[in-house]
Amino acid sequence: MNRLTWITLCFVLSVTFVRAEERPNVIVIFTDDHGFADVSSQGVFDDLKTPNIDRLAAGGVRMSSGYVTAPQCVPSRAGLLSGRYQNRFGVESNGLSLAGFRRQTTLAERLRKAGYATGMTGKWHLGQASQIVEHGFDDVYYKNANRPGWANFGLDGSDRTPGPEQSQLYHLDANSEAAAAFIRRHHDEPFFFYCAYRAPHVPLDAPPKYLNRFPGEMPERRRQALAMISAMDDGVGRIISTLREYEIEERTIIFFIADNGAPLKIHKLDAPGGGPGWDGSLNDPLNGEKGMLTEGGIRVPFFVYWKDHLPAGRVYDEPVISLDVAATANALAGLPSDPNLDGVDLIPYLTGAESGSPHEALYWRWVSQSAIREGKWKYLRAGSREYLFDLSEDISETKNLLGKNQSTAADLRSKLEAWTRELEPPGLATKDLSRAATNYFDFYLDGKPAPPPSRSDGSNRPVDGTHGWIIRNGAIKLEKDGLRVVPSQAARRTPFLARAQLKTNGPANVLVDLKTSSGGRVGVSWRLANQDDFVSGQTKSILVDADTDWQNISLPIESDARIIHIRVTLPSETCKVRKIELKGVEDTSVWKFGNH
């Protein structure tokens, strides 16, 4: 090797080394069912206490038009972590197969290949907790409720045998401590950390430490939401202080985003307990809520903080989306651009190096709804309903301008249709408008009176007398001799009854007293204490005959672990249930319906 070649090689190696050293750490904080209004720096309400989150906004860039890819948690998370519209790989909504997500290269996998340490804490919701490591996360502290989670490192920063964690901490506090522990473990190397707080999502479970910060008269569900948001804010402060401890704040970019808008259930009922329903969060001044492609379902708190690299206090008005996180991190890590990513590197736009909008248009499809935003215009379709809004003048989507701007609507509809042809499956919708969605659009966009609160309309709220059981894909009515279950024709899916918050050690049997005049299949699916969601293979079913008399059906649950959640699948025609019994190794729970 001659002297000139040696000098050139040394120069290349030195440049590569410097660039590796300059690669920033990446932290993504993803909150859950957290409404647009519910950070003080948004300037909507003054009942919040979010000083640490506000400091992120004040020291970085606040996105006034920051969006997520879906108004529901599973697809929103799949989009964020893959950097691709999740509709491209079949993760349209909750409850569908995650096979398409498992085929994606996640942001964690990308950054790990670039030499980053990777970790996560909080809510996963994209498969079993023990499988998180298969998606590029080396350090995992999964915990999204006040029950044992799953971890392979300890809150003291040490390695530990992978398995159930027993911290006994409030789950949001445990997430914050896990984030700090991860930073301590990897402060001297580039790292990526995904902090997915399950807040203020139900069940509302804030301890007195946080509830006591919000005295005075207010809906109890609002108090709970404020307390859980305050707990997350403490966590943001914990993360920042740990970065400062190791003098790496300037080398760390932080994204703070919510996964979708708040669920209001139209009426914002201050129901007792912390279970299903309104989570106490608010979307003002946006219209609609979780489960809608109106602004209230998909425009969320969205901040980017990178000390000394982004202009402090800037409000960025151009539309951006959670897909941009992966594209931005990919660029910052020095990786080659990837045409499979649907996002854009935001840094040039946030610094002012690039002008204009990062995106020509943003797109959405969620079950029966689809939408496109291009500049100030937003075209929204729900079933056969169509809307056109000028968001520069009407952020609350109160004036449908479709009739006055037919050519604009037609152009946007054509672009939306072209985009949906790329999806899996293709088309503007995958299902008809559900009853709940019909009620939402009637009320929020079409000016019809709100339907009265009902607990037999197919919603996921318990009906009085059902002992906490809820119905999906159907409606239930409590009668003298049992619970009448009527399948929903709109849902086009098998109805099932579900019961959570169980503590039954398996193996177990589920006994169902059932009467059906048409026959059909009856089954049980179960979720275990170490599982974030129902998984394939954990189900049993049998075919039952039509019979006007009561039938006693036994369904085995073959597991030695603790059972925390079951679903009883029922025939696709109207039937009646008189009793459900769960018999475990040590205990038996019996739920009777009616007066028998």
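Values as computed for the structure displayed
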quantity: Subset tally (residues that are open to solvent by 20 Å² or more (accessible area, probe 1.4 Å), touching a strand residue (DSSP E or B) at 6+ places or on another chain (Cβ under 8 Å) and part of a helix (DSSP H, G or I)) for the stretch 189-239; calculated: 1
quantity: Test: residue in the stretch 304-327 that is modelled with pLDDT of 95 or more, outside any strand (DSSP E or B) and among the basic types (Lys, Arg); calculated: yes
quantity: Which listed residue, of Leu282, Leu350, Leu335, Leu286, is open to solvent by less than 10 Å² (accessible area, probe 1.4 Å) and touching a residue at least 24 places away in the same chain (Cβ under 8 Å); calculated: Leu350
quantity: Subset of the stretch 162-171 [assigned to a loop (DSSP other than H, G, I, E, B) and in contact (Cβ under 8 Å) with a residue 40 or more places away in the chain]; calculated: Tyr170
quantity: Residue in the stretch 501-508 that is touching a residue at least 12 places away in the same chain (Cβ under 8 Å), assigned to a loop (DSSP other than H, G, I, E, B), of a type outside the set (Asp, Glu) and buried (at least 16 other Cβ atoms within 10 Å of the Cβ) present; calculated: yes
quantity: Enumeration of residues in the stretch 113-161 that are part of a helix (DSSP H, G or I) and over 19 Å from Phe30 (Cβ atoms); calculated: Lys113, Ser130, Glu134
quantity: Some residue of the stretch 315-329 being touching a residue at least 60 places away in the same chain (Cβ under 8 Å), more than 19 Å from Thr69 (Cβ to Cβ), open to solvent by 50 Å² or more (accessible area, probe 1.4 Å) and out of contact with any helix residue (DSSP H, G or I) (no Cβ under 7 Å at 6 or more places or on another chain); calculated: yes
quantity: From the options Ile476, Ile395, Ile372, residue that is modelled with pLDDT under 95, of a type in the set (A, V, I, L, M, F, W, C) and surrounded by 14 or more Cβ atoms within 10 Å (Cβ to Cβ); calculated: Ile476
quantity: Residue, surrounded by the fewest Cβ atoms within 10 Å (Cβ to Cβ), within the stretch 429-470, restricted to residues that are of a type in the set (Asp, Glu) and modelled with pLDDT under 80; calculated: Asp464
quantity: Candidates Ser41, Ser93, Ser76, Ser64, filtered to the one that is at pLDDT 95 or above, under 14 Å from the mean Cα position of the chain (by Cα) and open to solvent by 10 Å² or more (accessible area, probe 1.4 Å); calculated: Ser93
quantity: Boolean, Arg381 is at pLDDT 95 or above, touching a Leu at 6+ places or on another chain (Cβ under 7 Å) and open to solvent by less than 20 Å² (accessible area, probe 1.4 Å); calculated: no
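The values are calculated or read from the model by the stated rules, or taken from the named source; none is laboratory data. Source: prediction; values computed, not measured. We place every Cβ from the backbone using ideal geometry, glycine too, and count neighbours over all the protein chains shown. Surface areas here come from the heavy atoms of the whole protein model, side chains and all, with no ligands, DNA or RNA. Shrake-Rupley method; radii C 1.70, N 1.55, O 1.52, S 1.80 Å.
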